[in-house]
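Asks: I have a structure here, written as structure tokens, and I will follow up with some questions on it.
The values are calculated or read from the model by the stated rules, or taken from the named source; none is laboratory data. Since this is a predicted model, take the numbers as computed values, not measurements. Every residue, glycine among them, receives a Cβ derived from its backbone with ideal geometry; neighbour counts consider all protein chains shown.
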Amino acid sequence: QRLTGLLNAVREGVLVERARAELNARTDPEFEPPDDEFWLTLAPTNRVVNARNRQHLDRLPGDVVVHLAVESGDLSLFDPPVEKAVELKVGAQVMLLNNDSADRWVNGTLGKVTELWHDDDGLGVDVEFRDGTSAEVRPHTWEATRPVIDGGTLRREVVGAYTQLPLKLAWAITIHKSQGQTMDRLVVDLRGGAFDYGQVYVALSRCTSMDGLVLTRPVLPKDLKTDRRVLRFLRASTAPDRALRLCAISILTVGMEGRMSRPRPVELAVAFDDGAAISTLVNPQRDLDDARTAYGVTVDDVLLSPTLAEVWFAIAPLLDGCVPVGLEIDDTLSLIDFELKRLGLVVPLPLGIEIPAADLWADERQALAEPTALARARVAMRVAQRTGIDASGGSVFDASSLDDQDDVGPTAGAAYLLTRDGDAQAPASAAMPTLSALMDTSRLLSGVLLGRAAPPAVAGTAADAVVAAVVRDVVTERLMAAAARTTALPAELLARLRVLEGVLGIAVVDAIVAATTAGRGAIEEVLCRGARVCFTGTAVDAGGLTWDRDQMKAAAAARGLVPVGNVTKSKCDALVVAEVGTQSGKARKAKELEKPVFSAEDFFAWLGTAG
């Protein structure tokens, strides 16, 4: 079940890096299947398969028995299902290649040769199948036919015959031939050969247990590519026919345009033309400027938010096939593109359709000043539908572009969304059960982490146990990744994480606390006389008194510390921040250089106790 869940998640673009890591733990280039166990090797090409089978056959004791095919008639257009010369030994692992008239086996049944003998009817082969039953296998005749017209009716005329034992060596078979097979012991030989879309996925999905899987080399990101056209077909087959879809996109940003930088999204929302919607806060990996007053977004809100690249892996399948619309849509898509590239994710974005400002009614103009991205996206969709915007004027999102991302590291794979809009219902698809479950779990998670909803005591992430396990893994992995980006998490946020642990059945807080405090000494040990300390931000003490940086520097100097202006490797010993979790430039530098970071609250407490 674990393997099935991982592979389904990969197919939907979820948990790609985690899945790859777990699969690669099964790598053993030197593995040789024991002779007394039934193992099957899958490889991409006949060349690799034939070499494997020859090696195994040569290792068996005894002489090779060769059976030659008997040919008659016109076989010029006939593609023989078996080699002209079948070589066997007792103990050989074989695959049957026809459907037995007595229903003892079917095409693809696997077994081992237990006896070979000759009689008046030729060569006989006893084969023991995986279920413990046995059967005698004799040569089988395949007819070669051609179409002919007979009295205005099309029929097939027998023109030749091909007689051979209906089996072949099968210690190894091609991935293509493995369709329909399931094995509890499987070797996937990834060395050499060209891999088409989904070949590795097909090979891995033949195994029924992670414990019975062996890889000859690690799985690479490109190996887990699946053809998005298949997923699009599956999704379309479960939805009613419709024309091109519209989606309205809106972002809230922090920061200013500069020579070397651009505003970064702090919230992204998409409103779909069927009423579905998604939104998420985004970690801009910088200070928030006036986001608190402009949008009601605080540092605590974004500390556990996904980055835009992580968000994109989650929402790209939902945007697939949609045409973006919006006010200043070109600027919106340009900022999204810039931020994705900054994070190492290069994906082509479509041509959007601009909504003219002149088409807005007065109440719609007012709504565009709402402090949430989703409120603005919904206005844009309402205007687009009211004015009858033609979707053919733009181009569509294509989620297949994510399949070309080989080196995005921990970004790969979907993340949860951290939404302020608890009423937003994300698009659901029977073809993407894991992603749909992740969207549902995101609403629950968001209510807990943002303190906006009373959580249930316990909640499932999905009805299907396999899907639920994968979703819990996604949430756990992304929470840990988000926490790793910051210097510390505020106590209130840690308390909410504790609640979330109980709700979802995950465990993250202890690991997060250990990671964020590792190597950091107590403040009284670090802030000793002569310690060089940098300060950032304006803080408020327990008595409500506001302290700017100059005042904190003066207080530090009075206690024998040496205030410094910047965080550097050799001339700074610690950083004091006004707000726990701040992503200011100094805080990011302190994390990079592994300098201790203390809150202003810690500093004020130290001032009260320092002699």
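Asks: Looking at the stretch 586-601 only, could you name the residues that are surrounded by fewer than 19 Cβ atoms within 10 Å (Cβ to Cβ) and farther than 21 Å from residue 304 by Cβ?
Replies: Answer for the stretch 586-601, where residues must be surrounded by fewer than 19 Cβ atoms within 10 Å (Cβ to Cβ) and farther than 21 Å from residue 304 by Cβ: 589, 593, 594.
Yes or no, residue by residue, for (1) out of contact with any Leu (no Cβ under 9 Å at 6 or more places or on another chain); (2) surrounded by 21 or more Cβ atoms within 10 Å (Cβ to Cβ); (3) at pLDDT 90 or above:
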{"site": "319", "(1), (2), (3)": "yes, yes, yes"}
{"site": "322", "(1), (2), (3)": "no, yes, yes"}
{"site": "328", "(1), (2), (3)": "yes, no, yes"}
{"site": "334", "(1), (2), (3)": "no, no, yes"}
{"site": "344", "(1), (2), (3)": "yes, no, no"}
{"site": "351", "(1), (2), (3)": "no, no, yes"}
{"site": "356", "(1), (2), (3)": "no, no, yes"}
{"site": "364", "(1), (2), (3)": "yes, no, yes"}
{"site": "368", "(1), (2), (3)": "no, no, yes"}
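Asks: Please work out which one of (1) loosely packed, with under 13 Cβ neighbours inside 10 Å; (2) at pLDDT 95 or above is the condition residue 29 fails and give its number.
Replies: The single condition residue 29 does not satisfy is (2).
Asks: Considering only the stretch 328-375, how many residues are part of a loop (DSSP other than H, G, I, E, B) and either among the β-branched types (Val, Ile, Thr) or touching a residue at least 60 places away in the same chain (Cβ under 8 Å) (or both)?
Replies: 9
Here's the yes/no breakdown for (1) of a type in the set (Val, Ile, Thr); (2) without any contact (Cβ under 8 Å) to a residue 24 or more places away in the chain:
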residue	(1), (2)
526	yes, no
531	no, no
534	no, no
538	yes, no
543	no, yes
558	no, yes
570	no, yes
575	no, no
587	no, no
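Asks: Do you know which residues across the stretch 512-528 are surrounded by 11 or more Cβ atoms within 10 Å (Cβ to Cβ), out of contact with any Pro (no Cβ under 7 Å at 6 or more places or on another chain) and not in a helix (DSSP H, G or I)?
Replies: Across the stretch 512-528, the qualifying residues are 522, 527, 528.
Asks: Test each condition in (1) out of contact with any Phe, Trp or Tyr (no Cβ under 8 Å at 6 or more places or on another chain); (2) in a strand (DSSP E or B); (3) of a type in the set (Ser, Thr, Tyr) for residue 141 and report the one that comes out false.
Replies: Looking at each condition in turn, residue 141 falls short on (1).
Asks: Here is a further query. Looking at (1) closer than 17 Å to residue 580 by Cβ; (2) assigned to a helix (DSSP H, G or I), which is the only condition residue 542 fails?
Replies: Status for residue 542: all satisfied but (2).
Asks: Right, next: I need the full set of residues from the stretch 143-185 which are in contact (Cβ under 8 Å) with a residue 60 or more places away in the chain, within 30 Å of residue 206 (Cβ to Cβ) and among the polar types (S, T, N, Q), in order please.
Replies: Scanning the stretch 143-185 gives 164, 174, 178, 181.
Asks: State which residue is surrounded by the most Cβ atoms within 10 Å (Cβ to Cβ) when the search covers only the stretch 570-579 and only residues that are modelled with pLDDT of 90 or more and either out of contact with any Asp or Glu (no Cβ under 8 Å at 6 or more places or on another chain) or part of a helix (DSSP H, G or I) (or both).
Replies: The residue in question is 577.
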